[in-house]
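K.L.:
The structure's right below; bear with me while I get my questions together.
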Amino acid sequence: MRHWSEEDPWADDDPGPLVRPYTVTRGRTSSARPGLELISLISTVRPPTRDQRLQPEQNRLLALCRTPTALVEVAARLDLPVAVVRVLLDDLLDHQLVSVSPPSAVGSTDARFIQAVIDGIRRL
Amino acid sequence: MAYADSDPGRTALAPDAATAKILVAGGFGVGKTTLVGAISETEPLRTEELITEASVGIDDLAGVERKTTTTVAMDFGRITLSPALIVYLFGAPGQDRFWFMWDDLSRGALGAVVLADTRRLESCFPSVDFFEHRGIPFAIGVNCFDGRCEEDEDEIRAALDLGPDVPLVLCDARDRESVKSVVLALLEHVMRGLAVEASATW
Ligand SMILES: Nc1nc2c(ncn2[C@@H]2O[C@H](COP(=O)(O)OP(=O)(O)O)[C@@H](O)[C@H]2O)c(=O)[nH]1
Ligand SMILES: [Mg+2]
């Protein structure tokens, strides 16, 4: 009986990639930045400077997120897996080209918040 | 670079707008995507996630895990209730081998609608089990295909072994008003749960 780690190059101290490394991410895989949920809103803060060399997907992301857009919707609209978008965002966050909505605004389950959702859906 | 507006029809949102998540679970073909589309402001969007199955723990034999890559699709839709409040509805298959995805999906969710089809009620059993065990509030939406809802509510409740407090709403997943009533039944149930919690701490 062989354990998969015997033949797996990622197995030493890494539980393994969540997705197959993509050329888009230059082989990097998600570092799962905390506070980056499926429904976190991503907003473009400013355009990149000329010396910031971005990938085409990152430029598309910046164009899309001029309107704040949830992480999961960025993935759907760029036709990339969520894990790949997380990697693309890593650089953009480092360069402060995008912002992420604060954790307190994401998936709150307090009563006032839920009441606001109820009222909003009633009015639809 | 060209900064053309990607979606000029969209409401201007605040970058710090609050976002909420509601789940839609149930067996294959029960109407999850239809329901999400009926209440969302856009056609349901879709992402395909690649997952290595080693993380699923599909194999119970100790130490034996195989890594294969699987694609799982999830649908979602958006409802902008105000520039400061947006709700996302996520539909994903309620099948045992996808539960690892549901763990992720259910983090921070308000609750779940479990869609049921009376012709094959058993297809929603795994979803009901999942939300019960995780203590995630849920409501049952019985999707009445072509008005076929001759079953008695009490019979469905008994078949699903539902607690008396779990809302059960007959619905048409294609109809916006009908879908609203299911979602509202869920959210009111969530509110009642919070009230009970609050009174228990006093
Ligand atoms: N007649 C009828 N058809 C429905 C209803 N809800 C869904 N359908 C159809 O059933 C099929 C499966 O629905 P879908 O939403 O894709 O199911 P999912 O697999 O749960 O996402 C589609 O062809 C829908 O058009 C309904 O309430 N009445
Ligand atoms: Mg579907």
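K.L.:
What accessible surface, in Å², does a 1.4 Å probe find on B:K32, ignoring ligands, DNA and RNA and rounding to the nearest 10?
P.N.:
20 Å²
K.L.:
Ignoring ligands, DNA and RNA, how much accessible area is buried between chains A and B, both sides summed, with a 1.4 Å probe, to the nearest 100 Å²?
P.N.:
Values: alone 8800 and 11490 Å², together 15640 Å².
Approximately 4600 Å², summed over both chains.
The values are calculated or read from the model by the stated rules, or taken from the named source; none is laboratory data. Being a predicted model, the structure only gives us computed values, none of them experimental. Side chains are part of the model used for accessible areas, which takes the heavy atoms of the whole protein and leaves out ligands, DNA and RNA. Shrake-Rupley method; radii C 1.70, N 1.55, O 1.52, S 1.80 Å.
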